[in-house]
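*Asks:* What follows is a structure written as structure tokens; I'll ask about it next.
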Amino acid sequence: MSQPDAAFPDFKGMSEELYQQWEKSMTAWWDQVLESPSFLDATNKNVSGMARMRARYEEQVDEQLMKLHLPTRGDMTRLARIATLLEKRLLEMEDTILDLRDGMAARDAAIARLEKETIQARIEAAEARLELRARLDELAVRLDAGAEGAEPAAKANKPSPKKS
Amino acid sequence: MNVYTEAERLADLGQFLATDPIRRVQTGVSSHVVIHRQGKSAVRYFPPAHPDGQVRRPLFISMPLINTWTVFDLLPGMSVIEKLVAHGVPVYLLDWGRPGPEDVEVTLGELVDDLLPRALRRSARHARQHGHLAADELPDALGYCVGGSFLSISLARNPGLARRMALLAAPIDFHASGRLSSWADKEGFPVDDIVDGFGNFPKAMMKDAFAWLRPMGQLSKWKTIYDKIDQDGFPTTWAAMEQWNGDGVDFPGEAYRAYIKGCYFENALVGGGWVLDGRPVDLKKGTIPAHAFAAKADHICPPAAAFGLSKAWGGPVSTEVVSGGHVGVCIGKSFPARLLAWIDA
């Protein structure tokens, strides 16, 4: 991009400034117009007139189509509306099914958790019994060992019969 | 000399526009899948993509139904969604779709009491199935613009759907929303004629209305691209914004009628007294913590309109101003950073 030349006036800067001033004054003017009650009233009347004209036009078109035994826009709209409401009912049914499915999934998860806990408890009980059994066996062995040790000692301590 | 530079600039602009950039630019390219559909609407799931595999609490986003969702995923590097998923947030985005003439009878009650809650429930279910949420946890929810107004109504009327709510540039005190509220005046605005005549509120009319909020904006838009045609990346961003801006969506007629009467005519989200489908709309019944983001230079929903949540909502409310305008806030750096801070809080 070239630099401003001192020998020439800054036309770009001047035009920019001119534009800014023009835009500012136009904005102020438009603000007055667009807030003016008479302008708004005229605009609203214009829009209203266009809308009424469109309504009359649609009525005329519908009338001609009916004379030709053809479906009107109203007929098509009604059909589409029925389809929309049917879709809504289907979605409501789908909502119910999804809720049921979620509920069943939650119930299945709860049952699975309960079953797991039950099995875990049974395993722990079995393990406790096995442990007890092992301890009992151990005690029995020790008791047997004690009994066997005590028997020779008892025999040794037993007074010998008097020799005649 | 400057004259030569301006000629060059003009040539560059001509060359740029000759490539039809507004039509060709690709927006909304972040990887996602649709997990739920109802009518024209869809819930789009953007999986978390944290480099370390971290996963945070899922975020449900209710977009405005008057525009397409791509403003939250405009371009790589300028995408709210990209920043969220990179932070490990699974994103569920409600895209309202494009209503046609057949949707003219869709009511506001259906949108806030059926479509939106179902989208939230399905998102939460999907998040639980993918291990993003525990069985008893709820996602956070964010609503942008009118999608935020709808989200607040929905969560107040249907409790137990979200853990917390954040709103971005979402009008609650509609009588504080500047020029739009003076235009949508009860005495003058012919909402009944519009809905009876046009059916849905036409996107062209909506686009014109937003353009007339800042009449000089259309001119300054072209001046900006002329001035910044040589800035790296700016033309693509400009084209993407233009594409999004021109890609409007019709507002379903009956829902529009109820929305204008309840929100703009009566300012009922703040004032109360609005009965929708036989049930009162009372934001005081919303008890979850809420956070309102407002954009500093927002001419559609000024901070005063967004912060109306403080007086209307039943639960604790915090407020925050972020830099940017109503749309620019989505592509700037300020909002995504503050949103991530809110998510981590």
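The values are calculated or read from the model by the stated rules, or taken from the named source; none is laboratory data. Predicted model, so just to flag it, every value in this text is computed and none were measured. Every residue, glycine among them, receives a Cβ derived from its backbone with ideal geometry; neighbour counts consider all protein chains shown. Just so you know, the surface numbers come from the protein's heavy atoms only, side chains and all, with ligands and any DNA or RNA stripped out. Shrake-Rupley method; radii C 1.70, N 1.55, O 1.52, S 1.80 Å.
*Asks:* So in the range A:38-61, with the set limited to residues that are under 45 Å from the mean Cα position of the chain (by Cα) and open to solvent by 40 Å² or more (accessible area, probe 1.4 Å), which one is nearest to B:A209 (Cα to Cα)?
*Replies:* Step by step, filter the range A:38-61, then rank; the result is A:M50.
*Asks:* Among the residues that make up the range B:158-180, is at least one of them closer than 15 Å to B:D298 by Cα, open to solvent by 10 Å² or more (accessible area, probe 1.4 Å), free of Cβ contacts under 8 Å to residues at least 12 places away in the same chain and within 14 Å of chain A (Cβ to nearest Cβ)?
*Replies:* No.
*Asks:* Okay, next question. Would you tally the residues in the range B:211-239 being within 13 Å of another protein chain (Cβ to nearest Cβ), under 22 Å from the mean Cα position of the chain (by Cα) and in contact (Cβ under 8 Å) with a residue 40 or more places away in the chain?
*Replies:* 2
*Asks:* While we're on this one: Out of B:V327, B:V322, which single residue is out of contact with any Phe, Trp or Tyr (no Cβ under 6 Å at 6 or more places or on another chain) and either closer than 30 Å to B:T236 by Cα or in contact (Cβ under 8 Å) with a residue 40 or more places away in the chain (or both)?
*Replies:* Checking each option against the conditions leaves just B:V327.
*Asks:* Just for the range A:42-57: of the residues that are more than 7 Å from chain B (Cβ to nearest Cβ) and aliphatic (A, V, I, L, M), which one is farthest from B:G199 (Cα to Cα)?
*Replies:* So, considering only residues that are more than 7 Å from chain B (Cβ to nearest Cβ) and aliphatic (A, V, I, L, M), the one farthest from B:G199 (Cα to Cα) is A:A42.
*Asks:* Additional query: Quick one: which strands (runs of 3 or more DSSP E) sit completely within the range B:246-301 and have at least 1 residues that are out of contact with any Ser or Thr (no Cβ under 9 Å at 6 or more places or on another chain) and open to solvent by less than 50 Å² (accessible area, probe 1.4 Å)?
*Replies:* Counting at least 1 such residues, we get B:274-276, B:279-281.
*Asks:* Sticking with this one: Within the range B:122-142, track down each residue that is in a loop (DSSP other than H, G, I, E, B) and either touching a helix residue (DSSP H, G or I) at 6+ places or on another chain (Cβ under 9 Å) or crowded, with 24+ Cβ neighbours inside 10 Å (or both).
*Replies:* B:H132, B:L133, B:A134, B:A135, B:E137, B:L138, B:P139
*Asks:* Also, quick follow-up: Report, by residue number, each residue of the range B:196-210 that is out of contact with any helix residue (DSSP H, G or I) (no Cβ under 9 Å at 6 or more places or on another chain), within 12 Å of chain A (Cβ to nearest Cβ) and open to solvent by 70 Å² or more (accessible area, probe 1.4 Å).
*Replies:* Matches in the range B:196-210: B:D208 only.
*Asks:* Given the conditions (1) out of contact with any Cys (no Cβ under 7 Å at 6 or more places or on another chain); (2) buried (at least 20 other Cβ atoms within 10 Å of the Cβ); (3) closer than 30 Å to B:L269 by Cα, and given that B:R98 satisfies all but one, which numbered condition is not satisfied?
*Replies:* (2)
*Asks:* Working only within the range B:133-147, note down all residues that are touching a Pro at 6+ places or on another chain (Cβ under 8 Å) and either charged (D, E, K, R) or more than 14 Å from chain A (Cβ to nearest Cβ) (or both).
*Replies:* Passing the criteria: B:P139, B:D140, B:Y144, B:C145, B:V146, B:G147.
*Asks:* Now, a different point. Filter the range A:58-75 down to residues that are within 16 Å of B:E105 (Cβ to Cβ), assigned to a helix (DSSP H, G or I) and more than 7 Å from chain B (Cβ to nearest Cβ), then give me how many there are.
*Replies:* Total satisfying the criteria: 3.
*Asks:* What helices (runs of 4 or more DSSP H) completely inside the range B:1-94 contain at least 3 residues that are surrounded by 19 or more Cβ atoms within 10 Å (Cβ to Cβ)?
*Replies:* Correct list: B:80-86.
*Asks:* Next question, about the same structure. Within the range B:69-119, how many residues turn out to be of a type in the set (G, A, S) and away from every other protein chain (no Cβ under 14 Å)?
*Replies:* Of the residues in that region, 4 qualify.
*Asks:* Within the range B:153-190, which residues are under 13 Å from the mean Cα position of the chain (by Cα) and small (G, A, S)?
*Replies:* Result: B:A166, B:A169, B:A170.
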